[in-house]
Structures are given as C-alpha cells and as structure tokens.
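> Take a look at this one; I'll ask things after.
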Amino acid sequence: MTPPNDVEVYVEELVLRGFASRDRGRIGEAVKRELARLINEEGVPPALRQGGEIPRVGTRSFEMKPDSGADAIGAQVANSVYRGLNR
C-alpha cells in the first residue's frame, strides 16, 4: 500500500489541566505546529497510514520546567503524541 501524500489530523479534545486559560490556545497552536513538523520531517506514523479514526492515543507523562512557555509545552505534548502514534 502506498503511503498517503496528505494526512489530515483532527484532535477532538486536548485536555490541559493546570494551565492558565489564556495559555491554552497558544499551547494548542504549538501542538499543531510541532505535530505537523514531526510528520513532515520524520514521516507519517504507522497508526495514521491505515486511515480511519484513532479513538485515543496513549502518551507518556513528562515534566515541564515551571517557567516553560506555550511553545515549549506544545512541542512536548506533540512529541508525546507522535511517539504514541509510532507505538
């Protein structure tokens, strides 16, 4: 099977607890940017090559420095999701 040229990823819900509401939108945008970058540079994860829905992606927890900005937080979330899709 030939891998798809275009991949559309739709995240129905991203739960962010413990963050200020003003940061949630910026974190979500950072997640989208980093996930797109990972897919473009590292390739489409096997879980996405088959098409269809993935009801839940198992991710691992990670620690954030207290002064981490939205971009750093979003990048770590995206990396965790990407690793989850490659399992």
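What follows is calculated from the coordinates using simple rules that are stated; it is not laboratory data. Source: prediction; values computed, not measured. Cβ coordinates were reconstructed from backbone atoms using ideal geometry, including for glycine residues, and neighbour counts include every protein chain displayed.
> For the pair Glu8 and Asn79, how long in nm is the line joining their label points, each one 7 Å along Cα→Cβ?
3.0 nm
> Angle check, please: helix 21-42 long axis (alpha carbons) against the longest principal axis of the chain (alpha carbons), in degrees 0 to 90, nearest 10.
30 degrees
> Taking 41 Å as R0, compute the FRET efficiency from the Cβ-Cβ separation of Glu41 and Ala20 and round it to 0.05.
0.85
> Right, next: In 5 Å bins starting at zero, report the fraction of Cα pairs in region 23-85 per bin as a rounded %.
Taking all Cα pairs of region 23-85, the binned fractions are 4, 18, 25, 25, 17, 8, 3, 1 percent.
> Quick one: angle between helix 70-85 and the longest Cα principal axis of the chain, in degrees between 0 and 90, rounded to 10, please.
The helix 70-85 is inclined about 30 degrees to the chain.
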